[in-house]
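Reading through the structure tokens given below for one structure.
Please treat every number below as a calculation from the coordinates, not as lab data. These numbers come from a predicted model, not from an experiment. Glycine gets a Cβ as well: all are built from the backbone with ideal geometry, and neighbour counts include every protein chain shown.
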Amino acid sequence: MKMTFRWFGAKSDPVTLEQIRQIPGMTGLMGFLDYKAAGEVWEKEEIKEYIGPIHDAGLLCEVIESVNVHEDIKMGINRRDEYIENYKITIRNLASFGVKVIVYNFMPVLDWLRTDLNFLNADDGSESMFYDEAELGDLSPLELVKKTADGSKGFSMPGWEPERLLELEATLLHYKGITADKLRENYKYFLDAIIPVCEECNVTMACHPDDPAWPIFGLPRIAHSFADFEKIIGLHNSKRHALCICSGSLGTNLENDIPAIIRHFGAMGRVPCLHIRNLKHMGYRRFRESSHLSSDGDLDLFEIVKAMYDVCPDAYVRPDHGRMIWGETGRPGYGLYDRALGAAYLNGLYEACEKLE
Ligand SMILES: [Mn+2]
């Protein structure tokens, strides 16, 4: 297990590399350029500016997240070939700085979704991200975007880049004619174009699941269950085409057996990285993100770590969203303290797996 941390860069993240380096067992980052629009080339100079300080701090940056796929590629229209060419250049540029895994998603328009980014947990006074489908029922997509922006305390939020959402209504309309099968067809077109470049540069593409794990606003969503992943993996036969298993996303539907998913696709060599966190269900499609501790939520983190230990022990792992605790203020979900506690806990579970052998 290679323990890593998400970092938004010196200009955008109140958490510093010095702090991250002091978390026990931390080997590197899952990097992220939060100002890049989907479809743009990540230029070498920009990558160098982000990764240089990470290497100077003695940390690795072998995983990059959120190289967003342009909607034209997902919809299979207009300028998709141009955006795919840009994506290939970005893959080559990232590889030249030692990046080995790129995490991305193929979710139409809206990335992850919560209805409250600063939900107060009455039992201990901490704050966490919260979702209630009933609340969503009254909101239009545009209202939801505004609400998310208001709740983000001025921080950029991954997946909610303003330029992606500018033409939201037009894009939502366009998706009305796109079925899940059509979306998969467009996905295959994208993979067939980029995976040969990945083979050449030794970069693995890791698809992140839908969050929450069901369709929203009538949009097709194709990555939230074991059966979905089988179809996705079947789209292109290369180990460079893989999955990022995110327990918090898949765990929004308790029918997903996350350890079984890790064991199946990990044994196939298709799980290069994982996001691990926990959540607590509070009713039908109503949940809050909890601390990582198994007994605080509904997921068994030991079984998740044990599955990884058994089938893909070399995977990159990061604690995912954390709560806001100890008076910390910062980007919702991405404070230092609770994620550091999460990393320490995951390290402990992993050590137990090793010693139980
Ligand atoms: Mn995730």
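Considering the dipole of the chain built from charges on the beta carbon (Lys and Arg +1, Asp and Glu -1) around the Cα centre, which of 113, 353, 281 is farthest to its positive end?
Result: 353.
Relative contact order of the range 119-229: what whole-number percent is it, with Cα pairs under 8 angstrom and at least 6 residues apart? Please report the intermediate quantities before stating the final value.
Working: 47 pairs, mean separation 20.9, N = 111.
About 19 percent, as a whole number.
Can you give me the Cα centroid spacing of the range 281-311 and the range 20-66 in angstrom?
Value for the Cα centre distance between the two parts: 27 Å.
About the Cα centre of the chain, what is the dipole size in debye to 20, counting +1 per Lys and Arg Cβ and -1 per Asp and Glu Cβ, all else neutral?
Numbers: 39 positive and 55 negative charges, 103 e Å.
For the chain, the charge dipole is close to 500 debye.
Exposure proxy check: 112, 326, 42 ranked by fewest other beta carbons within 10 Å? Before the final figure, lay out the partial values.
Working: 112 24, 326 10, 42 21.
Taking fewest neighbouring Cβ atoms as first place, the list is 326, 42, 112.
Of 282, 205, how do they rank once you tally other Cβ atoms within 10 Å and put the fewest first? Don't skip to the end; give the middle numbers.
Numbers: 282 12, 205 25.
The most exposed by this proxy come first: 282, 205.
Per DSSP H run of at least 4 residues, take -39500 (n - 2.57); add these up for the chain, divide by its residues and hand me the 222 nm value, nearest 500 deg cm²/dmol. Write down the numbers at each step before the final one.
Details: 14 runs with 141 residues, N = 357.
Rounded to the nearest 500, the figure is -11500 deg cm²/dmol.
Using alpha-carbon pairs under 8 Å, 6+ residues apart, how would you state the relative contact order of the range 2-356 in percent?
Values: 676 pairs, mean separation 62.8, N = 355.
In percent, rounded to a whole number, it is 18.
Can you flag which of 231/306; 2/44; 2/88; 88/355; 88/182; 100/306 are past 32 Å Cα-Cα? Display every interim value, and only then the final one.
On the way: 231/306 25 Å; 2/44 25 Å; 2/88 26 Å; 88/355 42 Å; 88/182 23 Å; 100/306 24 Å.
Those over the limit are 88/355.
Fewest first, what order do 49, 230, 127 take by the number of other Cβ atoms within 10 Å? List each step's numbers first, then the result.
Numbers: 49 14, 230 11, 127 22.
By the 10 Å Cβ count, ascending, the order reads 230, 49, 127.
Where the only charges are on Cβ atoms (+1 Lys, Arg; -1 Asp, Glu), what is the dipole of the range 30-125 about its Cα centre, to the nearest 20 debye? Walk me through the numbers on the way to the answer.
Working: 10 positive and 18 negative charges, 87 e Å.
Dipole magnitude for the range 30-125 comes out near 420 debye.
Please give the contour-minus-distance gain from residue 150 to residue 133: 0.36 nm per residue of separation, less the Cα-Cα distance, rounded to one decimal in nm.
On the way: separation 17, 0.36 × 17 = 6.12 nm, distance 1.90 nm.
Here the answer is 4.2 nm.
Take the alpha carbon atoms of the range 315-329, find their center, do the same for the range 235-262, and report the distance between the two centers in whole angstrom.
21
At a temperature of 37 °C and a viscosity of 0.692 mPa s, determine how fast the chain diffuses translationally according to Stokes-Einstein, using the Kirkwood radius over alpha-carbon pairs as Rh; express D in µm²/s, rounded to the nearest whole number.
Numbers: Rh = 20.4 Å.
Calculated translational D: 161 µm²/s.
Give me the dipole magnitude in Debye, nearest 20, for the range 100-150 about the Cα centre, with unit charges on the beta carbon: positive for Lys and Arg, negative for Asp and Glu. Display every interim value, and only then the final one.
On the way: 4 positive and 11 negative charges, 90 e Å.
Magnitude of the dipole: close to 440 debye.
For the range 15-95, I need the span (max minus min coordinate) of the C-alpha atoms along each principal axis, in Å, sorted largest to smallest.
47, 21, 18
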